[in-house]
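The structure appears right after this line, and notes come after that.
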Amino acid sequence: MSADGLPLAGKAAVVTGASRGIGRAIAVRLAHDGADVGLAQRGEAADVADEIRRLGRRAHVVRVDLEEPRMGARAVEEVAEALGRLDIAVANAGRILRRPALELTLEEWEAVMAVNLTSVFALSQAAARRFVAQGGGGVVVHVASVLSFQGGLNVSAYAASKGGVAQLTRALANEWAGASIRVNAVAPGYVENKQTAPLRADPARHRQISERIPAGRWASNEDVAEAVSFLVSPSADYVHGHVLAVDGGWLGR
């Protein structure tokens, strides 16, 4: 903790999928906590970068399409060079296709896996290599899902990829803990954002989901960002290989 009470003062982070939704909320939250932030995504992120700069932090934007997973490693290197170091990597970018498995093409399956799983490994590996080269530890956080634990409906590729993210989190944590690199994940439940708009537009499905959430509401992007803020902070120094559900009690129902 710095003298001004900011837990991430002097730290540099990279966040993928940072132009909107959960990723944007995470990037802004890390800046509130004192970190400079690299924003890696396909779309524009100038407004997010401006918000981070207004908080007195540095921001660097990298335009990458993570359907080419190697771009995750490129984002890490570019952000680390621009900000002078790297301490935190958040693999948030994701893609979902809501389609019956019988109708899903192999190309669509491969595209979801590339963004949701392979790019997560590429980003994590590149970040860990940078942490080691810097001579100190670091933190990696993956964004998994409650569908890391459940099959869902009409989201076979997404569920499989997020199950892989949960296992990747545990596997990397096992390997890298000895190098003072912590790897954890958050597993959001149903979040009220653009990604879930089709579910919320279906009155029957929206009601079914809402009635099952013990907390009585869908999550906000900021709810997930708060969990990530904890996992990257010194308060979580002894937390390794954990997949933290942020689901309003959904999985416990």
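Counting only residues that are surrounded by 15 or more Cβ atoms within 10 Å (Cβ to Cβ) and polar (S, T, N, Q), which one in segment 193-209 is modelled with the highest pLDDT? Per the stated criteria, the residue is 193. A Cβ distance below 6 Å, combined with a sequence gap of six or more or placement on separate chains, defines the contacts here; from segment 232-251, residues that are of a type in the set (Asp, Glu) reach residues that are modelled with pLDDT of 95 or more in the pairs 247/146; 247/189.
Out of 107, 44, 78, 51, I need the residue that is free of Cβ contacts under 8 Å to residues at least 12 places away in the same chain and either surrounded by fewer than 21 Cβ atoms within 10 Å (Cβ to Cβ) or not β-branched (Val, Ile, Thr) (or both). Which one?
Values: 44 fails: free of Cβ contacts under 8 Å to residues at least 12 places away in the same chain; 78 fails: free of Cβ contacts under 8 Å to residues at least 12 places away in the same chain; 51 fails: free of Cβ contacts under 8 Å to residues at least 12 places away in the same chain.
That would be 107, the only listed residue that is free of Cβ contacts under 8 Å to residues at least 12 places away in the same chain and either surrounded by fewer than 21 Cβ atoms within 10 Å (Cβ to Cβ) or not β-branched (Val, Ile, Thr) (or both).
Of all the criteria given as (1) out of contact with any strand residue (DSSP E or B) (no Cβ under 6 Å at 6 or more places or on another chain); (2) more than 19 Å from residue 18 (Cα to Cα), the one not satisfied by residue 197 is (2). Can you find a residue in segment 144-153 that is among the small types (Gly, Ala, Ser), surrounded by fewer than 18 Cβ atoms within 10 Å (Cβ to Cβ) and farther than 16 Å from residue 25 by Cβ? Taking every residue of segment 144-153 in turn, at least one turns out to be among the small types (Gly, Ala, Ser), surrounded by fewer than 18 Cβ atoms within 10 Å (Cβ to Cβ) and farther than 16 Å from residue 25 by Cβ. Out of all the residues in segment 50-60, which are assigned to a helix (DSSP H, G or I) and touching a Lys or Arg at 6+ places or on another chain (Cβ under 9 Å)? Of everything in segment 50-60, those that are assigned to a helix (DSSP H, G or I) and touching a Lys or Arg at 6+ places or on another chain (Cβ under 9 Å) turn out to be 51, 52. Check whether at least one residue in segment 126-149 is of a type in the set (Phe, Trp, Tyr), touching a strand residue (DSSP E or B) at 6+ places or on another chain (Cβ under 7 Å), in contact (Cβ under 8 Å) with a residue 40 or more places away in the chain and within 23 Å of residue 253 (Cα to Cα), and report yes or no. Looking for residues that are of a type in the set (Phe, Trp, Tyr), touching a strand residue (DSSP E or B) at 6+ places or on another chain (Cβ under 7 Å), in contact (Cβ under 8 Å) with a residue 40 or more places away in the chain and within 23 Å of residue 253 (Cα to Cα), one finds none in segment 126-149, hence no. May I ask you to verify whether residue 89 is buried (at least 21 other Cβ atoms within 10 Å of the Cβ), more than 23 Å from residue 196 (Cα to Cα) and out of contact with any Cys (no Cβ under 6 Å at 6 or more places or on another chain)? In short, yes. Restricting attention to segment 24-39, the residues that are more than 9 Å from residue 13 (Cα to Cα) and either in contact with a Gly (Cβ under 8 Å, 6 or more places away or on another chain) or among the acidic types (Asp, Glu) (or both) total 2.
Restricting attention to segment 22-46, report how many residues are at pLDDT 95 or above, of a type outside the set (A, V, I, L, M) and not in a loop (DSSP other than H, G, I, E, B).
Taking segment 22-46 and keeping what is at pLDDT 95 or above, we get 22-40.
Going one step further and asking which of them are of a type outside the set (A, V, I, L, M), we end up with 23-24, 29, 32-34, 36, 38.
Those still in the list that are not in a loop (DSSP other than H, G, I, E, B) too: 23-24, 29, 32, 36, 38.
Residues in segment 22-46 being at pLDDT 95 or above, of a type outside the set (A, V, I, L, M) and not in a loop (DSSP other than H, G, I, E, B): 6 in total.
The single condition from (1) outside any loop (DSSP other than H, G, I, E, B); (2) at pLDDT 95 or above that residue 214 fails is (1).
Name the residue, out of 157, 204, that is more than 30 Å from residue 129 (Cβ to Cβ), of a type in the set (Gly, Ala, Ser) and not in a strand (DSSP E or B). Please lay out each step first, then the result.
Values: 157 fails: more than 30 Å from residue 129 (Cβ to Cβ).
The conditions single out 204.
Consider segment 92-142 and keep the residues that are in a loop (DSSP other than H, G, I, E, B) and within 25 Å of residue 79 (Cα to Cα). The one that is modelled with the lowest pLDDT is 136.
The values are calculated or read from the model by the stated rules, or taken from the named source; none is laboratory data. The structure displayed is predicted, hence computed values, not measured ones. In this analysis, Cβ positions are derived from the backbone assuming ideal geometry, glycine residues included, and neighbour counts consider all displayed protein chains.
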